[in-house]
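*Asks:* Dropping the structure in here first, questions after.
The values are calculated or read from the model by the stated rules, or taken from the named source; none is laboratory data. Keep in mind that this is a model prediction, so the values were computed, not measured. With ideal geometry, Cβ positions are generated from the backbone for all residues, glycine too; neighbour counts draw on all protein chains shown. What goes into the accessible areas is simple: the full protein's heavy atoms, side chains included, and nothing from ligands, DNA or RNA. Shrake-Rupley method; radii C 1.70, N 1.55, O 1.52, S 1.80 Å.
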Amino acid sequence: MSKIIALLSDFGNRDTYVGTMKGVILGIAPEIRLVDISHNVDPQHVRQGAFMLQSVFHHFPQGTIFLVVIDPGVGSMRRPIALHGGGYTFVAPDNGVLSYVMEVLGQGEVVELLNTDYWLPEVSRTFHGRDIFAPVAAHLAAGVPLGELGEPSGQVVRLPRPQMDVNERRVTGEVMHIDHFGNITTSIGYLFWEGETSLTLTPAFDDNLPSVQVGAESATVLVHGEVIYSIRASYSEALRGDFLAVVGSSGYLEVAVNQGNAADRLDVAVGDRVDLEIGERDAAVSD
Amino acid sequence: MSKIIALLSDFGNRDTYVGTMKGVILGIAPEIRLVDISHNVDPQHVRQGAFMLQSVFHHFPQGTIFLVVIDPGVGSMRRPIALHGGGYTFVAPDNGVLSYVMEVLGQGEVVELLNTDYWLPEVSRTFHGRDIFAPVAAHLAAGVPLGELGEPSGQVVRLPRPQMDVNERRVTGEVMHIDHFGNITTSIGYLFWEGETSLTLTPAFDDNLPSVQVGAESATVLVHGEVIYSIRASYSEALRGDFLAVVGSSGYLEVAVNQGNAADRLDVAVGDRVDLEIGERDAAVSD
Amino acid sequence: MSKIIALLSDFGNRDTYVGTMKGVILGIAPEIRLVDISHNVDPQHVRQGAFMLQSVFHHFPQGTIFLVVIDPGVGSMRRPIALHGGGYTFVAPDNGVLSYVMEVLGQGEVVELLNTDYWLPEVSRTFHGRDIFAPVAAHLAAGVPLGELGEPSGQVVRLPRPQMDVNERRVTGEVMHIDHFGNITTSIGYLFWEGETSLTLTPAFDDNLPSVQVGAESATVLVHGEVIYSIRASYSEALRGDFLAVVGSSGYLEVAVNQGNAADRLDVAVGDRVDLEIGERDAAVSD
């Protein structure tokens, strides 16, 4: 069974950057399996990349190596690191892009990539994806132990958690991602259905916050002036062209339009505020 | 020789949806070969996906499994199905997306995917690509027989055929697809060259329609007010920047601009009417 | 170790063209490894493709076969060719798209692809990527010797070299590529750092031109009315949002905005003039 390197970057699908990294990897680890997650993280948008990575990594088989290159600080003093945890390994710049994975996996074992033996012989100051991260990921895949790649590192850059303020009658979060369909993913999660009409909100990133029961039919979602009554189980429960709130596939509250584009119609941006009002009848907070 | 899973969806190249499906597949069938056909079917455009699938599937080796996820009805009562025919297997929602493949292959063997043993343990109501279709395709690739996946199913959703009305002097069809170059693919096909100046039109989807002989030089194509005289054998037979009609690579009549973008200049949309006037000198209809 | 076919085209990521070529290849060479470089070369932009190919090919392992389909002349008299040189093989239309690779590798061994045994049985006049180039690349990968595929060919189409005029105080070049980040790659290269403040310009395509020493801090770059003082070692040496000149990852002078989009702000186009003024203090030309 071949090792997998899964790639996430902001390099886009137009230039030769991704192909260059793949060429470098295949020169070092010819039997590796390469899987693209996405190369369309918004340019230099470390936080978006962190959120996307956290939503996808656990669907890959144990042993997968993630090569994550969203790297606005390339050529500066920001450090290259690798993280091992939960059976996975992540190779990335130390700029916070692994923050949300660490929220899930714990900090794990972190190595600062200092051993230049596993870099390309010449290192540019503009493309460490090619010169450092890709060859390191390939050497890992080829069997080099993590500890060989550098020195253990305690402190790493961590981003603020996605906002989620839980009060008795209201949960306040933010827009985290707008997808290809225009569906608006918020930071309010994880939501789990309990039967057909009731949901449990179990804070995704903060163990100290209480769980909250939410009645699907009495809940209200507010985003950018739009008020959406009730949370539906699927897109098709709204009329075609109508707004709806739904539990997205990663457990976050999502605002969508059935067979339409919610983001186009609401003009929201990543970071905008979202409120979930829990409703009088069903409000109940438990620890 | 590894099995192939070829993926067609409307998930785009920006989010983690496709990567998630690939992660799930590789967890079940680690030696599978994954090939992307496209993830840029227009959102929820089942008919476009059906047309694209029909134009590409037969170029893949026998044994290929097609994972087709254009699924506006996810979470509703629409059924998940698999179709086996012509040496290929297709896993998809039962919403008509396999219609045009069935026009070519016959209905084949259809199974409603009811056996939850081959789904992910938890099934969301917003992402069956991950929870049902990808794992089912992977289990098929790993050797699970089709019959294990559910129950035989007679009736499936079928879309209306692409329009093609054949009259003595005129064939009327519709715009089916506009490609990356702005080339306009119509439903008028299949066209085959007979020598340098004569074509045979053998209706693609309807055995009851007569074949038609078309003189390339006397034919006229009308689309959205533009009149194009004669059918050329290749793009380069028109002057740079000129409109031309040509037989596209899948045998359909296509309207293009040599080294330009026909769709930008004509403002056509999928579904618009196209006429092929056969011309007086050469008109001849045979059964 | 499986052979690699690396694909570069202008087919985009929307249609079934790339998937079709991959299906054809896998039918002939089932164990081949397919790697996408990019399918987003601007439509019919042979020179851009030539430049991109030259910047990426040498990062792939020896033995890689490059399938290059930017083919505005499909169906015309332009010839299909294969080039072998430097341990690599390139399959492409003879329209100049291999020019810049040849500048690096020398002309190598060129074969005109005349042996129809290695094409698909039916050849359209609109999609030679599928009918000629993909099957030829696959047969090469499967072990067919280059000489079997056709006849040796002396003369091939060559594009003019990227412009670079080297004078005592000024180097004049042109914009060659605008990348996904809006970074503007010029034809002025190769530039190599000598320590922290001095660069050597060793003309990329013309051995007859002299090498030039450039002082990073006294150099000035002019493009589209913007004057940029000094050449930086990395993007992060400019303030966020500021223009800077930098040595790009392939050794060419590049104009960028730190964490911004230079092309959006300058409205430049491929082909626009760029000047590098070397500066009084450091100017020195050597042979």
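*Asks:* With open to solvent by 10 Å² or more (accessible area, probe 1.4 Å), β-branched (Val, Ile, Thr) and under 23 Å from A:Lys3 (Cβ atoms) as the only criterion, which of A:Val68, A:Val104, A:Val91 stands out?
*Replies:* Matching residue, one of A:Val68, A:Val104, A:Val91: A:Val104.
*Asks:* Could you tell me which numbered condition C:Val171 fails, if it satisfies all but one of (1) in contact (Cβ under 8 Å) with a residue 24 or more places away in the chain; (2) assigned to a strand (DSSP E or B); (3) touching a Ser or Thr at 6+ places or on another chain (Cβ under 8 Å)?
*Replies:* For C:Val171, the failing item is (3).
*Asks:* Same structure, new question: Looking at the range C:54-75 only, could you name the residues that are in contact with a Ser or Thr (Cβ under 8 Å, 6 or more places away or on another chain) and either within 14 Å of chain B (Cβ to nearest Cβ) or under 13 Å from C:Asn95 (Cβ atoms) (or both)?
*Replies:* C:Val68, C:Val69, C:Ile70, C:Pro72, C:Gly73, C:Val74, C:Gly75
*Asks:* Under the condition of being open to solvent by less than 10 Å² (accessible area, probe 1.4 Å) and among the small types (Gly, Ala, Ser), which residue from the range A:252-273 is farthest from the other protein chains (Cβ to nearest Cβ)?
*Replies:* The residue in question is A:Ala262.
*Asks:* Of the residues A:Val110, A:Val123, which is in the same structural domain as A:His45 (by TED's automatic domain parsing), modelled with pLDDT of 95 or more and either within 27 Å of C:Ile184 (Cα to Cα) or surrounded by 17 or more Cβ atoms within 10 Å (Cβ to Cβ) (or both)?
*Replies:* A:Val110
*Asks:* Out of B:Thr64, B:Thr20, B:Thr89, which single residue is closer than 21 Å to A:His39 by Cβ and among the polar types (S, T, N, Q)?
*Replies:* Of the residues listed, the single one that is closer than 21 Å to A:His39 by Cβ and among the polar types (S, T, N, Q) is B:Thr20.
*Asks:* Give, as residue ranges, the strands (runs of 3 or more DSSP E) completely inside the range C:1-107 that count at least 2 residues that are farther than 22 Å from C:Gly154 by Cα and of a type in the set (A, V, I, L, M).
*Replies:* Correct list: C:4-9, C:33-38.
*Asks:* Regarding B:Tyr88, is this residue in contact with a strand residue (DSSP E or B) (Cβ under 9 Å, 6 or more places away or on another chain) and within 13 Å of B:Phe57 (Cα to Cα)?
*Replies:* yes
*Asks:* Determine if the range B:131-143 includes at least one residue that is aromatic (Phe, Trp, Tyr) and assigned by TED's automatic domain parsing to the domain that holds B:Arg78.
*Replies:* yes
*Asks:* Could I ask something else about it? Being at the interface with another protein chain (Cβ under 7 Å from one of its Cβ atoms) and not aromatic (Phe, Trp, Tyr) is the filter here; which residues of the range C:7-28 pass it?
*Replies:* C:Gly12, C:Asn13, C:Arg14, C:Asp15, C:Thr16, C:Gly19, C:Thr20, C:Lys22, C:Gly23, C:Val24, C:Leu26, C:Gly27
*Asks:* Output yes when any residue across the range C:122-136 is without any contact (Cβ under 8 Å) to a residue 24 or more places away in the chain, aliphatic (A, V, I, L, M) and part of a helix (DSSP H, G or I), and no when none is.
*Replies:* no
*Asks:* Applying the selection to the range C:220-245, what residues are touching a residue at least 24 places away in the same chain (Cβ under 8 Å) and touching a Pro at 6+ places or on another chain (Cβ under 8 Å)?
*Replies:* Scanning the range C:220-245 gives a single hit, C:Tyr235.
*Asks:* So B:Val68 clears everything in (1) under 28 Å from A:Glu237 (Cβ atoms); (2) modelled with pLDDT under 95 except one condition, right? Which one?
*Replies:* (2)
*Asks:* Same structure again: Could you give me the residue pairs with C-beta distances under 8 Å whose first residue belongs to the range A:29-42 and is under 20 Å from A:Val97 (Cα atoms) and facing another protein chain (nearest Cβ under 7 Å), whose second residue is among the β-branched types (Val, Ile, Thr) and in a loop (DSSP other than H, G, I, E, B) wherever it lies, and which are 6+ apart or on separate chains?
*Replies:* A:Ile37/B:Thr16; A:Ser38/B:Thr16
*Asks:* Output the number of residues of the range C:145-188 satisfying the condition of being touching a Leu at 6+ places or on another chain (Cβ under 6 Å) and either buried (at least 22 other Cβ atoms within 10 Å of the Cβ) or modelled with pLDDT of 95 or more (or both).
*Replies:* Residues meeting the conditions: 6.
*Asks:* Sticking with this structure for a sec: In the range C:5-28, what count of residues is obtained for those that are hydrophobic (A, V, I, L, M, F, W, C), open to solvent by 10 Å² or more (accessible area, probe 1.4 Å) and closer than 22 Å to A:Gly23 by Cα?
*Replies:* Number of matching residues: 2.
*Asks:* Considering only residues that are crowded, with 18+ Cβ neighbours inside 10 Å and not in a loop (DSSP other than H, G, I, E, B), look in the range C:202-221 and name the one that is farthest from the chain's Cα centre (by Cα).
*Replies:* C:Gly215
*Asks:* Restricting attention to the range C:128-138, which residues are open to solvent by 10 Å² or more (accessible area, probe 1.4 Å) and either more than 11 Å from C:Pro80 (Cβ to Cβ) or facing another protein chain (nearest Cβ under 9 Å) (or both)?
*Replies:* The answer is C:Arg130, and nothing else.
For every residue, the table says whether it meets (1) within 26 Å of the chain's Cα centre (by Cα); (2) surrounded by 16 or more Cβ atoms within 10 Å (Cβ to Cβ); (3) not assigned by TED's automatic domain parsing to the domain that holds C:Gly173.
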site: C:Thr197; (1), (2), (3): no, no, no
site: C:Thr200; (1), (2), (3): yes, no, no
site: C:Val223; (1), (2), (3): yes, yes, no
site: C:Ile231; (1), (2), (3): yes, yes, no
site: C:Gly248; (1), (2), (3): yes, yes, no
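*Asks:* List pairs: first residue in the range C:74-96 and under 14 Å from C:Leu114 (Cβ atoms), second residue assigned to a strand (DSSP E or B) and open to solvent by 20 Å² or more (accessible area, probe 1.4 Å) anywhere in the structure, Cβ distance under 8 angstrom, at least six positions apart or on different chains.
*Replies:* Within 8 Å, the pairs are C:Arg79/C:Glu112; C:Pro80/C:Glu112; C:Ile81/C:Glu112; C:Asp94/C:Glu112.
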